[in-house]
1. Label-point separation (nm) for ASP20 and SER676, each offset 7 Å from Cα along Cα-to-Cβ?
2. Write down Rg/Rh for the range 276-354, rounded to two decimals, with Rg from the C-alpha atoms and Rh from the Kirkwood relation over Cα pairs.
3. Using amide H atoms built in the peptide plane, which far-off residues or other-chain residues are under 5 Å from VAL397 H to H?
4. Once you place label points 7 Å from the Cα toward the Cβ at ASP142 and LEU415, how far apart are they in nm?
5. Can you give me the distance in nm between label points at SER643 and ASN444, each placed 7 Å from the Cα along the Cα-to-Cβ direction?
6. Assigning unit charges at the beta carbon (Lys, Arg +1; Asp, Glu -1) and nothing else, what dipole magnitude in debye, to the nearest 20, does the chain show about its Cα centre?
7. Between the DSSP loop rule and a limit of at most 16 other Cβ atoms within 10 Å, which trypsin sites (Lys or Arg not before Pro) in the range 124-200 are left?
8. Quick one: compute the contact order of the chain, relative version, from alpha carbon pairs under 8 angstrom and 6+ residues apart, as a percent.
Amino acid sequence: MKMQAWEEAAPGVWRLTIGDPQAITPLTWMGVSPRTDALSQKPAAQPPFAWESIQLEEARSGHILSFPLNQTEKLYGAGLQLLRMNLRGRTRYLRVNSDPKQDTGETHAPVPFYVSDLGYGVWVDTSRIVTIHCGSTLKQEDTDRSEIRNRNTDKGWKATPIASRVEIQIPVEGADVYVFGGPTLSDVVSRYNLYCGGGVLPPKWGLGFWHRVPTLFNEEEVLEEARQFREHDIPCDVIGLEPGWHSHSYPVTYEWEKSRFPEPERFVQQLKHNGFHVNLWEHPFVSPETELHSKLQPLSGSHTVWGGLAPDYSLPEAQQLYKTQHDEQHVQIGVSGYKLDECDGSELTNNSWMFPGHAKFPSGIDGEQMRQIYGLMFQKMTYDLYHSRNQRTYGLVRASNGAAATMPYVLYSDLYDHKQFIRAVCNSSFSGLLWTPEVRRARNAEDWVRRMQTVCFSSLAMLNAWGDGTKPWSYPEVEGIIRHYIKLRMRLLPYLYSNFALYREQGIPPFRAMPFVISAAEIAQAEAGGPDNEPSILNTTDGAYGKKKAREWDDQFMVGDALLVAPLVEGEWERDVLLPSGIWYGLETGERYTGGRVIRIHASLEQIPVFVRSGSVIPMMPALPHVPHAGTRVALELVHFGSEPGEGLLYDDDGETFNYEKGECGWWKATVTQNSDGEFNGKLTGPDGEMPSYDSINWRFAQTRLEASGK
C-alpha cells in the first residue's frame, strides 16, 4: 500500500496521518502545545533507519504499520508496565486495566509509545486500543531457516525467534503516528515529553510526605492522626481522606458526610494551619444521592457502574457541572487535590466492573474510547480547575494514557508486589508518566522498612493506611529508620524540585531507568568486569536450559543525574549494582566506588543503597515538619561530593502558583572550584535579587557521605 510522506511536525518530530483519525485523542484532549523552543535546542537527529523501510499494509481491522529492527535492538516503554522492561520479542495489547497480572501489555496506563535504544521512538495518538508486536511476529519471507531449532534436542531453542520488524495494528478509523528522533534514548523521551507540552512541575508541598487515613475516620480522628505526626517528629505535608468522607460512596456523591465532617471548611483550614494539605479520594461514577445526578443524567453513558452514572466528560456542559461542584464544595474551602481512583476498570472473574466497550455516550464516543482516556479526562478537568485559580495541585490517578506529562498526577496500583513496584519506577520514565510505590501494609518490620525506603525515593512518598490503619510508627523497633528516611526526603527537596523543573523545561524525567544513562555496550562491558576486565561477579543463568539470561537492571534507577538508587526488598541483604562510568560514593556510607562495572553491595536494614556521582553539588534544606508556605525562606545547604571540582543546578520559585509561567522563577548554578592549595571554593550564580525560598547559604565541600543529622 502506498504511504503518504512523513511531515516534520516539530524539530526532530515527524508525523504520518493514516485514515481519518478520531476527533478525540490523548493529544487533542490535553490541548497542549509543543515546547518548540526547547525542541529546537536539541541536536539534529534522523531515525537510524531509512524512511522507505517503513511499511504500511491493509488489514482486516485497519492497517499494519511496521518498522525495521536490527538483531540486538532493545525496545522500552508502552506505558506503565509492571512485569518487564525490555519489550523486545513481546506483544503489547494496550488496553486500560486495573489488574495487570499477566504480561500482555494491559495496564493502568497503556501508552502506545515505544522507544529504541538505537535512538528513536514511535507513538500512535489514539483513544483506541492498540496492539504492538515488538519483534514478536515473523513473516514467511523474513524467516531464516538456519534459525529453526529442534526443541527436543537443542537447548538454544526459542519460542520467539529474532524478528526483523515491529508491527503496529492501527485502529480502523486511522490515527496520527509520530516518530521522535534522538540521537540518544534520553533525547527521544525528552522530545516526546516536550512535544506533549513538557513535564509537570508539582507544588513543593506535593514532594513532602503523604499519609492517607482509614476510610471511616471522622474529623476528630483525622486531626488526632495529624497531631501524632508532629508528636513523633515525622514530617508530613498531605493528609488524604478515603471513601468515608463522602455522604455515599460506590457510587459517589462528591458531597461531605456531615456526621463525620460537620464543618468541612473549618476542618480543612485547621489542618492547613498546622501545615497539612487535604487530598480527597473519589471515582467517576455518580450516585443518585447527589444533587449532580439529575443534571448529569442526560449527559451520561448508556451503562452505569455500581449503579452510578458514567458522565460523558468530553461534553463541555458535563465538565462545567463537575468543575462548579468541586470548586464550590472542595477547592474554595481549601482542599488541595484529589486521588482519582477506579477510572480504569476490571475484568476479574469474581470482580468485574466497568461499562462495556459497546456502551454509548451522548458525544458519540463509545465505551472502548471512553475507558482508554477516562483517566486523562479527570486529570485535565481537575488540573484546569486549579490552574484557573493560579493554584498548583498534585494528586494520584489510577489510569492514564499518552500526552500526560504535563499532568500533576502520579500513578499507583492496588497490586502490591514490591519488586514490580520498583520496576514501575523505571518503566514509567519511558512514557511521560510518574509512579509511586506506595506503602500500605507489611508482613514484618523488615518488609516495612524496605518499602518505606523505596517510596522515599519516588515521585510521591506516601503511606496509604485506608484499610488497616498503619502508621510510620506501627513497628516501634524501626521507627527511627522510617523517621530518618522521611527526613532525608525533606532535606533533598530542593534537589528533587530542581529535577522536576528540568522535566518541565527540557522533558527529562526526574526518575530514570538505567538505559537513560548507560548504553547496551557499556552495560555489556560492565557485566564483563568493567574497563580493566576483571572477572564478573554476575550469575545470569536461566534454570530452564542453563543458558545465559540477559539482566534488565530494572531494579535500580537514577534520581536526576547525581543519585543512583538500588532498593532492596524483604529477604535481601546484598545485591548487585550497575554503576555507570566515573567515581561514585555511597551517599550515607562514604565508600568510594569506581564505575563502569557491577559491584556487590551489602546493606543492613538501616540503609538503602544510594550512590552519588563524584563532583556533584546537591542542594538541600532542613528536615522541617512540613514544606514551608510560599514566602517563607529557609536555609539552603549546598553539599559537594567527592575529591574533584563540580557543579549542580538549583531551581526556585514560589512553589505554589503558576507565576513561573510569567517568568517569576529562576535557575542558579552552584560551581565548586579547587585552588592550587587543594582548597575548595563555592559560587552560586543566577538571577539578581533574593531567591524566593532560601536566605542563608551554607557550603559543605569534599563530602564523601551525607551526615545522618541535618537540622
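1. So the two model labels end up 7.9 nm from each other.
2. 1.00
3. Counting only residues 5 or more places away or on other chains, the set is LEU340, VAL410, LEU411, TYR412.
4. A separation of 2.8 nm, rounded to one decimal place.
5. So the label points at SER643 and ASN444 sit 4.1 nm apart.
6. 1140
7. Qualifying residues, ordered by number: LYS139, ARG149, ARG151, LYS155, LYS158.
8. 13
Since every read-out is calculated from the coordinates, none of them should be taken as a lab result. What you see is a predicted model; the values in this text were computed from it and never measured. All Cβ positions, glycine included, derive from the backbone under ideal geometry; neighbour counts span all protein chains shown.
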